[in-house]
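Student: First, the structure itself, so that you have it in front of you.
The values are calculated or read from the model by the stated rules, or taken from the named source; none is laboratory data. Predicted model only: the values in this text are computed from it and were never measured. All Cβ positions, even for glycine, are placed from backbone atoms using ideal geometry, and neighbour counts span all protein chains on display. Each accessible area value is taken on the protein alone, full model and side chains, heavy atoms only, with ligands, DNA and RNA left out. Shrake-Rupley method; radii C 1.70, N 1.55, O 1.52, S 1.80 Å.
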Amino acid sequence: MSLPQVAIAQPDILAIIGKDNYLFPAWGTTDEPDWRAIDATVARIAEVHKRLAARGIALVAPVLPSKKLFYADKLPAEDALTPEMLGRYAGIRDRLAAVGVPGFDVEQIYRALQAKGEQVYYRTDQHWTQAAADATAQATADLIHQLVPTLAGAAGTGLALGAISKERRYGDLAERFLSPEQRRAAGREIFTVRRQTQTAGLLDAAIAPVHVTGNSMVQPYFGFPQKLSNLIDRPVSVNWKPGDVGFWSVLIEYLESAAFRQQPPQVLVWQLFEPNFHLGPDAEGLWDAASVISAQDWSRRLAAALPA
């Protein structure tokens, strides 16, 4: 599996060690949401939505909430979330809804899972669990059916779900950012993985009416694209990059691709993430250097890929 990459820094800066050896990414931790930057991101997403709609393409933009929201009781006292930060996710969702960008409340979905005793993020990893990925796929499929009742292609072409397996290993936060002693103290944990079937792949040449673009959450390893394909009963294509590449670069990479030009989807699912939502395409030092795009260049490239 390819795990997310981040900028090189000291381990104690990048991983917060919480109670019961819960690990949290240290980036994005503040006392106040950056609403000005968040509003700028919302405006850019609204522009993508408008330009896609002009071409008859529906945008679904699920925002995945921070792990810290669900395990706030495991955070050290000095890293406790302020009331303002506890409300950041809801504020982002309200702003997207206000400009008409389709989505759904993932926080509410995950709270319901937690109430049933399900983990939604792994203890030593920044990624979602199989239960959370499946629930998000279900909500995504439901919204797709509302927006596009008739998908292209034939029934029976969705991906069959592979068998579930268990893997015991270190999570990415433990593997990458802890010292050997800290890693041993945190310990390995069990990852639930749905294997891909041998009869079809998500990255082949099959025409798909739905495309997923995002960070490592949506890589096939965690099962989201397979589950979505199974639920909509159609092929799903996907492109993803590690989290430090950023959601701006991974989207523009797809929109500029031959695959998009030759076979645009009916629905584009753009996976976003609360902890880095406020970062624009030009966030130098926070995105991988090669993926930083100036605000002017972002607008130019978007307009070229999706002319009005």
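Student: Taking every DSSP beta bridge with both residues inside the chain, roughly what % is antiparallel (nearest 5)? If you can, show how the numbers build up before the last one.
Tutor: On the way: 10 of 25 bridges.
Antiparallel bridges: around 40 percent, rounded to the nearest 5.
Student: Here's something else I'd like to know. Given only helices, namely DSSP H runs of n ≥ 4 each adding -39500 (n - 2.57), what is the per-residue ellipticity at 222 nm of the chain, to the nearest 500 deg cm²/dmol?
Tutor: Details: 13 runs with 118 residues, N = 308.
That comes out to -11000 deg cm²/dmol.
Student: Oh, and also: Want the number for Ala53 to Ile164: 0.36 nm per residue separation, take away the alpha-carbon distance, what's left?
Tutor: On the way: separation 111, 0.36 × 111 = 39.96 nm, distance 3.73 nm.
So the extension gain works out to 36.2 nm.
Student: Evaluate the relative contact order of the stretch 91-240 (contact order divided by residue number), counting alpha-carbon pairs under 8 angstrom at least 6 apart; express in whole percent.
Tutor: After rounding, I find 27 percent.
Student: Now for a different question. Of the accessible area of the stretch 44-102, with the probe set at 1.4 angstrom, what percent is carbon plus sulfur? List each step's numbers first, then the result.
Tutor: Details: 1200 of 2240 Å².
Carbon and sulfur: 53 percent of the exposed surface of the stretch 44-102.
Student: Related question: What residue among Thr150, Thr30, Thr136 shows peak mean-square fluctuation when the chain is described by a Gaussian network model with Cα springs under 10 Å?
Tutor: Thr150
Student: Relative contact order (percent) for the chain, with alpha-carbon contacts under 8 angstrom and 6 or more residues of separation? Please list the in-between numbers first.
Tutor: Values: 533 pairs, mean separation 75.5, N = 308.
It rounds to 24 percent for the chain.
Student: Which lysines does Lys74 reach when only Cα atoms under 21 Å apart count, and residues fewer than 8 places away in its own chain are ignored?
Tutor: Lys19, Lys116
Student: Let me ask you something else. Please find, in a Gaussian network model of the chain (springs between Cα atoms separated by less than 10 Å), the residue of Ala185, Ala61, Ala137 whose mean-square fluctuation is greatest.
Tutor: Ala185
Student: Now a separate question. Given a 1.4 angstrom probe, I'd like the percentage of the accessible area of the stretch 200-286 that is carbon and sulfur, rounded to a whole number. Mind dumping the intermediate values first?
Tutor: Working: 1440 of 2700 Å².
Roughly 53 percent, rounded to a whole number.
Student: To the nearest 0.05, how large is the calculated FRET efficiency for Glu175 and Glu256 if R₀ is 25 Å and r is the Cβ-Cβ distance? Each step should come with its number before you reach the end.
Tutor: Values: r = 33 Å, r/R0 = 1.31.
So the FRET efficiency works out to roughly 0.15.
Student: Let me ask something else. Within the set of other residues whose C-beta is less than 13 Å from the C-beta of Gly153, count the net charge using Lys and Arg as +1 and Asp and Glu as -1.
Tutor: Working: positive: Arg234; negative: Asp233.
Local net charge: 0.
Student: Taking R0 as 35 Å, what's the FRET efficiency between Arg300 and Thr30 from their Cβ-Cβ distance, rounded to 0.05? Each step should come with its number before you reach the end.
Tutor: On the way: r = 31 Å, r/R0 = 0.88.
E between Arg300 and Thr30, to the nearest 0.05, is 0.70.
Student: A follow-up question, please. Can you tell me which of Ala152, Ala290, Ala135 moves the most in a GNM of the chain? Springs connect C-alpha atoms under 10 Å apart.
Tutor: In this elastic network of the chain, the residue with the biggest mean-square fluctuation among Ala152, Ala290, Ala135 is Ala290.
Student: If you don't mind, another one. Could you please state, rounded to a whole Å, how far the C-alpha centre of the stretch 226-274 is from the C-alpha centre of the stretch 129-181?
Tutor: What the calculation gives is 14 Å, centre to centre.
Student: Hey, can you find the accessible area per residue of the chain for me, probe 1.4 Å, expressed in square angstrom?
Tutor: 43
Student: Now for a different question. Using Cα positions and a limit of under 19 Å, work out the lysines in reach of Lys166, with same-chain residues fewer than 8 apart set aside.
Tutor: Counting by Cα, and skipping residues close in sequence, Lys166 has these lysines nearby: Lys227.
Student: Next question, about the same structure. With a point put 7 Å past each Cα toward its Cβ, work out how far Ala80 is from Gln263 in nm, to one decimal.
Tutor: Result: 5.4 nm between the two label points.
Student: Another question, then. If you filter the stretch 46-118 for trypsin sites (Lys or Arg not before Pro), then keep DSSP loop positions with at most 12 other Cβ within 10 Å, what is left? Mind dumping the intermediate values first?
Tutor: Numbers: sites: Lys50, Arg51, Arg55, Lys67, Lys68, Lys74, Arg88, Arg93, Arg95, Arg111, Lys116; in loops: Arg55, Lys116.
In loop regions of the stretch 46-118 (DSSP not H, G, I, E or B), the sparsely surrounded trypsin sites (Lys or Arg not before Pro) are Arg55, Lys116.
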